1. State yes or no: is residue 268 modelled with pLDDT under 90 and buried (at least 18 other Cβ atoms within 10 Å of the Cβ)?
2. Can you confirm whether region 356-378 contains a residue that is over 23 Å from residue 175 (Cα atoms), without any contact (Cβ under 8 Å) to a residue 12 or more places away in the chain and in a strand (DSSP E or B)?
3. Out of the residues in region 179-189 that are assigned to a helix (DSSP H, G or I) and in contact with a strand residue (DSSP E or B) (Cβ under 6 Å, 6 or more places away or on another chain), which is surrounded by the fewest Cβ atoms within 10 Å (Cβ to Cβ)?
4. Among the residues in region 335-352, are any farther than 30 Å from residue 18 by Cβ and outside any strand (DSSP E or B)?
5. Out of 233, 250, which single residue is on the phi > 0 side of the Ramachandran plot and in contact with a strand residue (DSSP E or B) (Cβ under 7 Å, 6 or more places away or on another chain)?
6. Among the numbered criteria (1) surrounded by fewer than 23 Cβ atoms within 10 Å (Cβ to Cβ); (2) under 19 Å from residue 18 (Cα atoms); (3) at pLDDT below 85; (4) touching a helix residue (DSSP H, G or I) at 6+ places or on another chain (Cβ under 9 Å), which single criterion is violated by residue 111?
7. For region 202-278, which strands (runs of 3 or more DSSP E) that fit wholly inside it have 2 or more residues that are over 17 Å from residue 179 (Cα atoms), touching a residue at least 24 places away in the same chain (Cβ under 8 Å) and out of contact with any helix residue (DSSP H, G or I) (no Cβ under 8 Å at 6 or more places or on another chain)?
8. Here is a check on your reading of the model: is residue 346 touching a residue at least 12 places away in the same chain (Cβ under 8 Å) and under 18 Å from residue 74 (Cβ atoms)?
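The values are calculated or read from the model by the stated rules, or taken from the named source; none is laboratory data. Keep in mind it's a predicted model, so treat the numbers as computed, not measured. Here the Cβ positions follow ideal geometry from the backbone for every residue, glycine too, while neighbour counts run over all protein chains shown.
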């Protein structure tokens with residue numbers, strides 16, 4: 001295991017054995033039909049996180065998925081049994097584990113000590129864990145409702161909250177804002193924030209993921225607030241604090257920390273364009289006082305909420321170098337978790353930088369790998385000390401690359417050379 005990137009690793013999920021990844025969305029809390037990128041790519045994010053001879057990933061039985069699986073088997077030295085194909089798509093992945101395929105996974109689970117990791121803890125995930133007779137890793141939907149984004153702020157209607165909000169905890173700095181369940185409550189929150197002198201606001205759903213449903217507002221956008229549809233449950237309205245721009249990374253950054261249960265990882269710098277997550281830089285690009293403060297704030301949250309599964313928080317560092325805890329992503333295995341597990345397995349032990357970046361691949365994963373090898377920039381995990389490796393690849397849809405190099409500039413140069421798109 002890497003010493004530099006040991007902030008979060010497989011052993012924190014299951015110290016006694018392997019992990020069965022089944023990152024579908026059969027029982028996700030809200031309808032995301034039509035978002036083909038998430039439906040197709042999420043299960044594949046687990047492939048680069050598999051440890052040879054230990055872990056298992058369940059992925060849809062599609063032509064593209066099979067081609068990508070062959071790549072990871074060959075390059076990472078995985079056994080044939082480590083990638084299992086289910087006939088269903090992303091939205092039915094857990095419930096598609098049946099028949100001969102279920103029997104195979106069940107026998108594999110009996111041969112060792114496994115835990116099941118799904119995108120969420122929901123009915124379909126619990127059904128699969130019961131069928132395989134393995135523990136399910138994660139937090140319940142009820143827990144997520146209580147300690148997720150809605151825990152950041154007090155409710156605009158004080159009579160509706162029966163538990164402590166994070167903005168009342170010592171040691172946490174959170175943007176001014178409120179939770180609302182109805183349009184009338186949301187308008188009250190809007191009026192309160194504007195009256196307090198806030199001219200720029202951000203409206204975000206409590207239970208959407210990956211930047212979905214976020215709306216940037218000014219004090220003049222009253223009509224948008226009046227027409228908000230609450231598609232993703234309760235809404236959060238808060239003051240908008242601008243993200244810091246990192247010239248060396250070439251973009252806006254948001255420090256973040258992830259956890260596995262009560263274990264708190266190390267800070268990273270999350271790269272963001274508008275509301276979309278684009279990648280991360282390890283280690284975090286924070287001055288030491290803010291680095292220490294970020295860890296302290298997350299530990300306060302973890303001590304308060306006592307999670308049993310994955311989670312993470314995002315921060316904003318303003319122009320005055322003040323750190324705000326601005327977002328909570330808990331109760332689910334986000335797309336940031338597999339890269340962290342990959343980094344813990346293969347990241348260098350010297351003072352090197354790991355930089356991940358989303359991109360849109362135009363051709364196959366094998367074509368990309370051939371170009372990387374031809375230019376001498378391919379990173380062979382466990383063999384070479386740096387270069388570029390595809391963490392996830394779905395042809396003509398989405399992908400994630402990771403580069404390891406001594407400096408940020410060298411890592412960015414490797415990524416540009418690999419894709420010529422950023």
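1. Working: modelled with pLDDT under 90: yes; buried (at least 18 other Cβ atoms within 10 Å of the Cβ): yes.
When the stated conditions are applied, residue 268 passes them.
2. Let us first name the residues in region 356-378 that are over 23 Å from residue 175 (Cα atoms), namely 356-378.
Okay, now just the ones that are also without any contact (Cβ under 8 Å) to a residue 12 or more places away in the chain, so 367, 370, 373-374, 376, 378.
Still in the list and also in a strand (DSSP E or B): 378.
Taking every residue of region 356-378 in turn, at least one turns out to be over 23 Å from residue 175 (Cα atoms), without any contact (Cβ under 8 Å) to a residue 12 or more places away in the chain and in a strand (DSSP E or B).
3. First, the residues of region 179-189 that are assigned to a helix (DSSP H, G or I): 183-189.
If we keep only those that are in contact with a strand residue (DSSP E or B) (Cβ under 6 Å, 6 or more places away or on another chain) as well, we get 186, 189.
Working: 186: 23, 189: 25.
Only one residue tops the list, namely 186.
4. Of region 335-352, the ones farther than 30 Å from residue 18 by Cβ are 351.
Filter again for outside any strand (DSSP E or B), leaving 351.
So far as region 335-352 goes, yes, one or more of its residues are farther than 30 Å from residue 18 by Cβ and outside any strand (DSSP E or B).
5. Details: 250 fails: in contact with a strand residue (DSSP E or B) (Cβ under 7 Å, 6 or more places away or on another chain).
Being on the phi > 0 side of the Ramachandran plot and in contact with a strand residue (DSSP E or B) (Cβ under 7 Å, 6 or more places away or on another chain) holds for just one of 233, 250, which is 233.
6. Only one criterion is unmet by residue 111, namely (4).
7. Numbers: elements: 215-218, 235-239, 244-246, 251-260, 268-273.
Of the strands (runs of 3 or more DSSP E) lying wholly inside region 202-278, those with at least 2 residues that are over 17 Å from residue 179 (Cα atoms), touching a residue at least 24 places away in the same chain (Cβ under 8 Å) and out of contact with any helix residue (DSSP H, G or I) (no Cβ under 8 Å at 6 or more places or on another chain) span 244-246, 251-260, 268-273.
8. On the way: touching a residue at least 12 places away in the same chain (Cβ under 8 Å): yes; under 18 Å from residue 74 (Cβ atoms): yes.
Judged against the criteria, residue 346 is a match.
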